[in-house]
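The values are calculated or read from the model by the stated rules, or taken from the named source; none is laboratory data. It should be emphasised that the depicted structure is a prediction, and the values quoted were computed from it without experimental measurement. As a convention, Cβ positions derive from the backbone with ideal geometry for all residues, glycine included, and neighbour counts pool all protein chains shown. Just the protein is used for accessible areas: all its heavy atoms, side chains included, with ligands, DNA and RNA removed. Shrake-Rupley method; radii C 1.70, N 1.55, O 1.52, S 1.80 Å.
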Amino acid sequence: MNTTINRAADNIRILAASMVEKAKSGHPGGAMGGADYINVLYSEFLNFDPDDLSWENRDRFFLDPGHMSPMLYSVLSLIGAYSMEDLQNFRQWGSITPGHPEVDRKHGVENTSGPLGQGHTMAVGAAIAERFLVARFGEWMAHKTYAFISDGGIQEEISQGAGRIAGTLGLSNLIMFYDANNIQLSTTVEEVTTENTAQKYEAWGWNVITIDGNDADQIREALTAANDETQRPTLIIGKTLMGKGAVGANGEDFSNKVSTHGQPLTGAGASIEKTVENLGGDSRNPFQIFPDVKEYYSQVLQKKREYAKKKKAEQAAWEKANPELATKYHRFMSGQAPELDYSTIQHKANIATRVASADVLTYLAQHVENMIVSSADLSNSDKTDGFIKGGARSLVKGDFSGAFLQAGVAELTMATICNGIALHGGIFVACATFFVFSDYMKPAIRLSALMELPVKYLWSHDAFRVGEDGPTHQPIEQEAQIRLLEKLQNHSGRMSLLALRPADAAETSVAWKMAMENTHTPTALIFSRQNVNDLPGKNRYQEALQAEKGAYVVCSTGNNPQITLIASGSEVNTLVEAAQLLKERKGIAAQVVSVISEGLFRQQPSAYQKQVIPDNCPKYGLTAGLSVTLEGLVGYNGKIHGVNHFGYSAPAQVLDEKFGFTGEQVFEELSHLI
């Protein structure tokens, strides 16, 4: 049997090396070294339906080192997901085989990968999602999550958070292969680290198995043991050869060389023709599947079909016996936003928007059964503990009937895990920390946007009014950074992220409504630490629903306003106060506009935009962040009062006065402006 198995692995090596050679760019060495593992995994262990690669209860495979995409595309070609033409178009415009994999379930690609460390951390999220759903519907739907990590992924700091959380939760459904080839892009591994990786993962509670990663028998034995493990996630450390099978023009061995990592084999001095021949292929036509390998995989796929048919029959029997649960299961997996009445959520008067968010989270915990919320050790401060107060218990080892993930102090890990939960499907997911620490999360947020995942990012303590904690904890530039993603389109042509900064409790309820109903992109919800006055109005929730257009007129202090005052969040209240003073003392009418999302506002009809922010009226913007945050709304002829410096340690009210953010100070500034 291993003769054919090894031939299939060599076939993968040929395809991978040839893809890179034809594209004149890419990473052949790692793909060639990992071919033995990926071949055994896909042919003997990974459960999927060849005719329905999006089958909900398939095993998942998450690639971490996206530069090893030639390996993934090659093995997927053996199962019929890609054609030889697809492989030949590797890294070309319009191809479905980009340089680094981009999530494409119909072709068997579970995740976008490239930024090292994130791929295997998403796998942790998918494994959590599987356990969450199994706890609610039963072991009939159980499936494994496999991850593939390289030396670089092991070294990325995110791996510590992923390893710790997976071990703490006892994710025995997670099996990760570490492609330990001792070669990096520019050095050997021992020049970078001398740590004992096995002992590190064992300390986190993992089952660790070390093997020859190019030996099919050892791979098979390790995967069998990993599948039998019931208490711990498993790390299989596979000692592999970078560029296995690569040779020079005279047959000299080109394996185990740094030079074959990140360039075509010919660029490293090897011979692609001799390498293809050395691996049993035809150098004149390397893009082909060997006849015996094709026959072998034909048999493999038939077994996969039979397995999937059996599992789908089990599901059908379960659905027939449990019609109500079956309805719930299909509702979960549909990904459709739940129908909720946010107007029923009660808030106390004049509260911080983080506290208003807690009220909403309490409601969601009681009305949305398929939701996980996480916090980076700040739940009692970012107020995600509202979800816990609503009845959600923590997810713990052996009991995934809860819905709150205590991530610890690991913002990037938490965000990336949430991406993995969203990729798995069936669950709404949100994660929280202080706004200033969104800096730690930017790589995951960017992949959320690129993959079009509806993760909800909750950030409290949104401005310098954090106060005494000082400039390290006072976000200044963060809002401008996040709102840039509203200006960036995703591959579906949509705004890649929806950023919402509500001005009071009612707007917070509406912001959450918008976030939950946004099932196409990530949403950022940005909340205040300090209390804010409720905006004027007879029915604030109904009036705040206008925020669904991105911006609306909160109030006008008279007919034919002479100036438009623009802000988001806490600053809207300051503008309301200043507008009242302007009317009382100067007799000047002003129009106050709350802009919860500039990106969404710019999608509205031109007539509405001009109604809210008239062209022929002077404009004044107030922002507790960088002035550039409002430039697109105020324009060059208007005036923006922002904070264009780092903050200082002092009580929030003192900072308001020092930075010019009181109603009185804004009134004085407006008086000179008009």
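For the stretch 625-634, the set of residues classified as open to solvent by 30 Å² or more (accessible area, probe 1.4 Å) and over 19 Å from R529 (Cα atoms) consists of V628, E631, G632, listed by residue number. Within the stretch 143-190, if we keep just the residues that are charged (D, E, K, R) and modelled with pLDDT of 95 or more, the residue that is most open to solvent (accessible area, probe 1.4 Å) turns out to be E157.
Would you be able to say whether some residue in the stretch 50-63 is closer than 30 Å to A321 by Cα and in contact with a Phe, Trp or Tyr (Cβ under 6 Å, 6 or more places away or on another chain)? Yes, the stretch 50-63 contains a residue that is closer than 30 Å to A321 by Cα and in contact with a Phe, Trp or Tyr (Cβ under 6 Å, 6 or more places away or on another chain). What do you reckon, is S54 part of a loop (DSSP other than H, G, I, E, B), among the polar types (S, T, N, Q), modelled with pLDDT of 95 or more and closer than 22 Å to R284 by Cα? For S54, the condition - part of a loop (DSSP other than H, G, I, E, B), among the polar types (S, T, N, Q), modelled with pLDDT of 95 or more and closer than 22 Å to R284 by Cα - is not met.
Filtering the stretch 230-258 to residues that are open to solvent by 40 Å² or more (accessible area, probe 1.4 Å), under 22 Å from S69 (Cα atoms) and either in a strand (DSSP E or B) or touching a Phe, Trp or Tyr at 6+ places or on another chain (Cβ under 6 Å) (or both) leaves only K239. Filter the stretch 259-277 down to the residues that are crowded, with 19+ Cβ neighbours inside 10 Å and in a helix (DSSP H, G or I) and list them by number. Those that are crowded, with 19+ Cβ neighbours inside 10 Å and in a helix (DSSP H, G or I): T260, L265, A268, I272, K274, T275, V276. For the stretch 280-305, a residue qualifies if it is crowded, with 19+ Cβ neighbours inside 10 Å and under 17 Å from L265 (Cβ atoms), and the qualifying residues are G281, P286. Among the residues of the stretch 337-355, those identified as modelled with pLDDT of 95 or more and of a type in the set (G, A, S) are S343, A349, A352. For the stretch 346-364, the tally of residues that are open to solvent by less than 10 Å² (accessible area, probe 1.4 Å) and farther than 22 Å from T327 by Cβ stands at 6. Exactly one residue out of A650, A579 is aliphatic (A, V, I, L, M), open to solvent by less than 30 Å² (accessible area, probe 1.4 Å) and assigned to a loop (DSSP other than H, G, I, E, B): that is A650. For the stretch 365-414, the candidate set comprises residues that are part of a helix (DSSP H, G or I) and in contact with a strand residue (DSSP E or B) (Cβ under 6 Å, 6 or more places away or on another chain); within that set, the residue that is most open to solvent (accessible area, probe 1.4 Å) is I388. Screening the candidates A216, A249, A226 for the property of being at pLDDT 95 or above and either in contact with a His (Cβ under 7 Å, 6 or more places away or on another chain) or under 13 Å from F177 (Cα atoms) (or both) yields one hit, A226. Helices (runs of 4 or more DSSP H) fully within the stretch 440-544 that include at least 2 residues being open to solvent by less than 10 Å² (accessible area, probe 1.4 Å) and over 23 Å from C418 (Cβ atoms): 505-517. The lone criterion from (1) in a helix (DSSP H, G or I); (2) out of contact with any Leu (no Cβ under 7 Å at 6 or more places or on another chain) left unmet by Y297 is number (2).
In the stretch 427-437, the qualifying residues are those that are of a type outside the set (V, I, T) and crowded, with 22+ Cβ neighbours inside 10 Å, and the one that is farthest from V373 (Cα to Cα) is F435. Screening the candidates S113, S74, S95 for the property of being of a type outside the set (D, E, K, R), outside any helix (DSSP H, G or I) and open to solvent by less than 20 Å² (accessible area, probe 1.4 Å) yields one hit, S113.
Looking only at residues in the stretch 588-644 that are of a type in the set (S, T, Y) and part of a loop (DSSP other than H, G, I, E, B), the one that is modelled with the lowest pLDDT is Y636.
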